[in-house]
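Have a look at the structure below before the remarks.
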Amino acid sequence: MDRRELVIAHSPDSDDAFMFYALATRKLRLRGMKLTHHLEDIQSLNRKAGEGIYEITAISIAAYPYVQDRYRMFTVGASIGDGYGPLVVASRPCSVEDLKGKRIAVPGELTSAYLALRLLEPDFVPKVVAFDRILEAVKNGDADAGLIIHEGQLTFDRVGLHRVVDLGRWWLQQEKLPLPMGAVAVRRDLAPELQDEMQKLIRRSVEYAMEHREEALSYALQFGRDLDQPLADKFVGMWVNELTLDMGDRGREGVRRMLQLGHERGLIPQVGEIDFV
């Protein structure tokens, strides 16, 4: 297969845009290689990873058991919340216990947010809704509650909704670990040296964005739904951080623990030793 062109697939979100800014705007390049960026929602990327469509792709941590035969996991580029994460919101104040048996709008059943919620409360009726329509579904009464990822974590109260639980905070209290949401995966059929080069290049892209924060944020704002610059800065800071540069021991252990518990509860297939690049 011709390796002079690689596709990097990721979500059309401000945090991913920030992370890949230097690559998307060709401030960083890999000699002799054309890099094409493909933007798609994470649930679709999870499904396509199962088919091995893209050489390098963002995936949900929860989807890794389904794609481990095709992909390895980079230790750079991850979205990991240390004490914060996806939110469950409702149209009225309620508790976690009140979620039992309720219809909850979720962004996809392969997402890590969905797995985390099932670990907290397995007894609910999922209603799959596009992630950027979940707030509307809850507000309109199409769902009793909603599982919020991406920018909705900072804007849910603007439409009069109430936080029920922060899954990242719950996970930290429960497991004393950060909550891993997403990772960048690389297809196994790429040469090992190319896998290493791409991991280094993505790390340099994250470092470049952090070092040139204002210009990278300006670029990322075009992907930030309903976010002004201060909120975009806050959101990006949540999901592009030191754990994005390198998961480290705590990040890796968070990944292992989530997948271990998911399998023990019968929610996802078993994963052996996670193949980190």
Chain lengthening between GLU215 and SER95 when straightened (0.36 nm per residue, less Cα-Cα):
39.1 nm
Pairs of Cα atoms under 8 Å, at least six residues apart: use those to get the relative contact order of region 1-71, whole percent.
39 percent
Taking 8 Å as the Cα distance limit and 6 or more residues as the minimum spacing, I'd like the relative contact order of region 70-227 as a percentage.
37 percent
Mind jotting down the distance between the C-alpha centroids of region 155-233 and region 1-31, whole Å?
14 Å
Please work out which option in [x] 11; [y] 23; [z] 53 gives percent of Cα pairs over 36 Å apart calculated from these coordinates, and answer with its label.
[x]
What accessible surface, in Å², does a 1.4 Å probe find on LYS234, ignoring ligands, DNA and RNA and rounding to the nearest 10?
120 Å²
Could you tell me the relative contact order of the chain? Use alpha-carbon pairs under 8 Å, at least six residues apart, and round to a whole percent.
30 percent
From the backbone phi of region 122-130, what are the Karplus-calculated ³J(HN,Hα) couplings (6.51 cos²θ - 1.76 cosθ + 1.60, θ = phi - 60°) in whole Hz, Gly and Pro given as x?
x, 9, 8, 9, x, 10, 6, 9, 3
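If a/c stays under 1.5 just call it rounded; otherwise compare a/b with b/c (prolate if a/b is bigger, oblate if not). Do that for region 129-277, with a ≥ b ≥ c from the square roots of the Cα gyration tensor eigenvalues.
Details: a/c = 1.99, a/b = 1.19, b/c = 1.67.
It comes out oblate by the Cα gyration axes.
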Solvent-accessible surface (1.4 angstrom probe) belonging to HIS38, in square angstrom, nearest 10:
60 Å²
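If I take R0 = 25 Å and measure r between the Cβ atoms of THR25 and ARG188 in this structure, what FRET efficiency does the formula 1/(1 + (r/R0)^6) give, to the nearest 0.05?
For THR25 and ARG188, the calculated efficiency is 0.30.
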Sorting ILE8, LEU245, SER79 by the position of each Cα along the dipole of the chain (Lys, Arg +1; Asp, Glu -1; all at Cβ), the one nearest the positive end of that ordering is ILE8
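Among the lysines in the chain, how many pairs, 8 or more places apart or on different chains, have alpha carbons under 18 Å apart? Write down the numbers at each step before the final one.
On the way: LYS27/LYS200; LYS34/LYS200; LYS100/LYS127; LYS102/LYS127; LYS102/LYS139; LYS127/LYS139.
Close lysine pairs under the 18 Å cut-off: 6.
Quick one: dipole size for region 134-277, taken about the Cα centre, charges +1 on Lys/Arg Cβ and -1 on Asp/Glu Cβ, in debye to the nearest 20. Write out the running numbers ahead of the final one.
Working: 18 positive and 25 negative charges, 75 e Å.
Value, rounded to 20: 360 debye.
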Rounded to the nearest 10 Å², what accessible area does GLU264 have for a 1.4 Å probe in the complete protein model?
110 Å²
222 nm [θ] for the chain, helices only, -39500 (n - 2.57) per DSSP H run of 4+, per residue, to 500?
-11000 deg cm²/dmol
Scan around ALA185 for amide H atoms under 5 Å from its own, H built in the peptide plane at 1.01 Å from N, and keep only partners 5 or more places away or cross-chain.
THR57, ALA58, ILE59, PHE74
Dimensions (Å) - region 38-126, Cα atoms, principal axes, largest first:
44, 26, 22
Please report how far the C-alpha centroid of region 50-90 lies from that of region 96-120, rounded to the nearest whole angstrom.
17 Å
So how much slack lies between ARG4 and ARG163, counting 0.36 nm per residue of separation and subtracting their Cα-Cα distance, in nm?
52.5 nm
List every residue whose amide H lies under 5 Å from the amide H of LYS102, counting only residues 5 or more places away in sequence or on a different chain, with H placed 1.01 Å from N in the peptide plane.
VAL125
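The values are calculated or read from the model by the stated rules, or taken from the named source; none is laboratory data. Remember, it's a predicted structure, so these values are computed and weren't measured experimentally. So basically every Cβ, Gly included, is an ideal-geometry build from the backbone, and we count neighbours across all protein chains shown. We work out accessible area using only protein heavy atoms, side chains counted, and drop any ligands, DNA or RNA first. Shrake-Rupley method; radii C 1.70, N 1.55, O 1.52, S 1.80 Å.
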